[in-house]
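Down below is the structure, laid out as structure tokens.
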Amino acid sequence: MAAIKTAVSIQKPVFVRVEQLCRRLKIPRSRLYNQALKEFMERNESKEILRRMNAACAAAESQDDVEFKRSMRGYLKRRLNKPW
């Protein structure tokens, strides 16, 4: 896949921690930033799916609907809160 170069401003304490992590993991900064951004976007997409599901289910809820939503909230909460 083609890479695109870009410049961003990062607070110095964050940059220092990124540098340390890259050295520890023995990976380039670009790879770390790419992975972090992908995971951030996936987490936000999951939040949007949950928001839409809640809106769709809000109209008429049976007991099965309530139990399903509770189950899905637990699943998505675990997915969204997993560590980077």
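Quick one: how many residues across segment 1-50 are in contact (Cβ under 8 Å) with a residue 24 or more places away in the chain and β-branched (Val, Ile, Thr)? Before you say what the answer is, go through the steps one by one.
Going residue by residue through segment 1-50, those that are in contact (Cβ under 8 Å) with a residue 24 or more places away in the chain are 3, 30, 36, 39, 43, 46-47, 49-50.
Among the residues that remain, those that are also β-branched (Val, Ile, Thr) are: 49.
Total meeting the criteria: 1.
Count, please, the residues in segment 11-59 that happen to be hydroxyl-bearing (Ser, Thr, Tyr) and either touching a Phe, Trp or Tyr at 6+ places or on another chain (Cβ under 6 Å) or surrounded by 13 or more Cβ atoms within 10 Å (Cβ to Cβ) (or both).
Count: 2.
Please tell me if LYS12 is more than 26 Å from LEU80 (Cα to Cα), at pLDDT below 95 and not hydrophobic (A, V, I, L, M, F, W, C). Show your work before the answer.
Working: more than 26 Å from LEU80 (Cα to Cα): yes; at pLDDT below 95: no; not hydrophobic (A, V, I, L, M, F, W, C): yes.
Spelling it out, it is not the case that LYS12 is more than 26 Å from LEU80 (Cα to Cα), at pLDDT below 95 and not hydrophobic (A, V, I, L, M, F, W, C).
So which pairs qualify, if the first residue must be in segment 51-75 and polar (S, T, N, Q), the second must be modelled with pLDDT of 80 or more and surrounded by 13 or more Cβ atoms within 10 Å (Cβ to Cβ), the Cβ gap must be under 8 Å, and the two must be at least 6 apart or on different chains?
As it stands, the answer is ASN54/LYS69, since those pairs meet every condition given.
Residues checked against (1) modelled with pLDDT under 85; (2) more than 30 Å from VAL16 (Cα to Cα); (3) of a type in the set (Val, Ile, Thr):
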| residue | (1), (2), (3) |
| --- | --- |
| ARG29 | no, no, no |
| TYR33 | no, no, no |
| PHE40 | no, no, no |
| SER46 | yes, no, no |
| CYS57 | yes, yes, no |
| SER62 | yes, yes, no |
| ASP65 | yes, yes, no |
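The values are calculated or read from the model by the stated rules, or taken from the named source; none is laboratory data. Predicted model, so just to flag it, every value in this text is computed and none were measured. Every residue, glycine as well, gets a Cβ built from its backbone with ideal geometry; the counts of neighbours run over all protein chains shown.
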